[in-house]
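Since every read-out is calculated from the coordinates, none of them should be taken as a lab result. Note that this is a predicted model, so its numbers are computed, not measured. Neighbour counts are summed over all protein chains in view; Cβ atoms, including those assigned to glycine, are modelled from backbone coordinates with ideal geometry.
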Amino acid sequence: TQTYLTAIDAADALNAFVHKTPEIAKSQAEAADQRLKAGNAPDLCGIPLGIKDLFCTKGVPSQAASRILEGFLPEYESTVTTQLFDAGAVMLGKLNMDEFAMGSSNETSVYGDAVNPWRVDDRKLTPGGSSGGSAAAVAAGLCLGATGTDTGGSIRQPAAFTGITGIKPTYGRVSRWGVVAFASSLDQAGPMTRDVRDAAIMLRAMSGFDPKDSTSADLPVPDFEAALTGDIRGKVIGIPREYRMDGMPAEIGKLWDDGTAMLRDAGAEIRDISLPHTQYALPAYYVIAPAEASSNLARYDGVRFGHRATLAPGDGITEMYEKTRAEGFGAEVQRRIMVGTYVLSAGFYDAYYNRARRVRALIKRDFDTVFADGVDAILTPATPSAAFGLGEMADADPIKMYLNDVFTVTVNLAGLPGISVPAGLDAQGLPLGLQLIGRPWEEGDLLNVAYSLE
Ligand code: GLN
């Protein structure tokens, strides 16, 4: 723990940790030491972790990287962090992220950009987002694992950009209680780690039924690590033709082909498959996610949590809401709230929100059909490119940033488990990731296929 705390202090330039908790870390490490000595060490005994700022941690700033949660100290601990601590984990601090997990580059954070430890010359690169601090911290060796959350790709895309492993479990596998809500029907927490085995161990500790989350699944949690046999002979791997998009960079296509060849060499059966509604996933996501966000973020009213604007004499409650929300939320969050309230408004509800929900059902059906036909897992690229430069996309058309999620949002819309594993380097020497998508509740199988790609 001390080694990691020292490393974190030496890596301030990455801006990965936004709040350090050395006192908590030391007392948890001592408790872990006692358990170790007593001979009853749990799975994560003494393992130093970083926690994304989206998780509520008792008495520790939990701001979702937003100004509007300035000064908010939760009086409760999220289920995920409770379970991790019960399993012996040590919290080193809170990790940078995009504000309310809205973004793909960690550039919407009130704390400023997190920086990718991978560099090309002097060009500073994004670690991806929204779990950019988590990815940068694990990749730079500042912690052994980190929590992430994934609403449309926020675990898998930053994992790909930093050369680490990240899994978004099946919707309902991990409790959302105490995780600041973005889009509740899409949000899932998961581990971000150096390799697949660590992901399996950490995911098991995070998973399980929680009566405090009404969408949590009451299912047993398998030993995911035991599933890592490395044997994938006879598994059917689907290659969805719709993901081979126009204008896909040649090196992404090659990465995908190489990954396919590796799985074939390991004894898997490779099958060409079709997921016909793929092209509608991104527009559906960018209706549904803002709709849910606009509803979830209504609670930040200047009364119940965090920041409140200074009011002028004569200001009433309306001015308090307006001024607090105008200065508390950043530009991207305001854009999402406006899009969300628009698509939910009486005149447009059917044209946008209801239509997006129908598209979502079709996307899910595409997956159901291929799984029913015997496909065990689906292989795609994780991202359309390697990490881009900080500042290069943030001020451009927001749609350009949204296109980062083209391979990942389908998985959230369908509630499926998805994993990104490091799969090589691009021509500049930057990491690239491959994504595997699995059957619901079969994270063990999915991790095992990913393991065979390591
Ligand atoms: N980049 C996507 C968005 O901005 C996904 C974010 C996420 O998964 N939290 O909505």
Inter-part gap, Cα centre of segment 335-394 to Cα centre of segment 88-126, in whole angstrom, is 24 Å
How big is the charge dipole of segment 2-227 about its Cα centre, in debye rounded to the nearest 20, if each Lys and Arg gets +1 on its Cβ and each Asp and Glu gets -1 on its Cβ?
200 debye
When you count, for each residue, the other Cβ atoms within 10 Å and take the mean per peptide, how do 292-301, 217-226 rank with the highest first?
292-301, 217-226
Dimensionless Rg/Rh of segment 2-227 - Kirkwood Rh, Rg from C-alpha atoms:
0.94
As a test of the definition: which semi-axes, in Å, follow for the chain when you take the square root of five times each eigenvalue of its alpha carbon gyration tensor? Largest first, please.
31, 28, 21
Checking segment 1-100 for GluC sites (Glu not before Pro) in a loop per DSSP with at most 15 other beta-carbon atoms within 10 Å yields E70, E75
Under a point-charge model restricted to the Cβ atoms of Lys and Arg (+1) and Asp and Glu (-1), what is the dipole moment magnitude of the chain relative to its Cα centre, in debye to the nearest 20?
520 debye
Please get the size of the charge dipole for segment 268-381, origin at its Cα centre, with Cβ charges of +1 on Lys and Arg and -1 on Asp and Glu, quoted in debye to the nearest 20.
280 debye
Test of the criteria: in segment 224-258, which trypsin sites (Lys or Arg not before Pro) are in a DSSP loop and have at most 13 other Cβ atoms within 10 angstrom of their Cβ?
R233, R244
For the chain, what is the calculated [θ] at 222 nm in deg cm²/dmol (nearest 500), taking -39500 (n - 2.57) for each run of four or more DSSP H residues and dividing by its residue count?
-10500 deg cm²/dmol
Trypsin sites (Lys or Arg not before Pro) within segment 15-71: DSSP coil, no more than 16 neighbouring Cβ in 10 Å:
K58
Among 352-365, 157-170, what's the highest-first ranking by average C-beta atoms within 10 angstrom per residue?
157-170, 352-365
Per its Cα gyration tensor (rounded if a/c is under 1.5, else prolate when a/b beats b/c, else oblate), segment 273-403 is best filed as prolate
Here is the link list: K52/K168; K52/K400; K52/K323; K58/K94; K26/K94. Which ones come out longer than 20 Å on Cα distance?
K52/K400; K52/K323
Looking at segment 2-227, what % of its DSSP beta bridges pair antiparallel, to the nearest 5?
70 percent
Sorted by mean Cβ packing within 10 Å, highest first, what order do the peptides 430-436, 191-197 take?
430-436, 191-197
How would you classify segment 117-236 from its alpha-carbon gyration tensor, with a ≥ b ≥ c the square roots of the eigenvalues: rounded for a/c under 1.5, else prolate if a/b is greater than b/c, otherwise oblate?
oblate
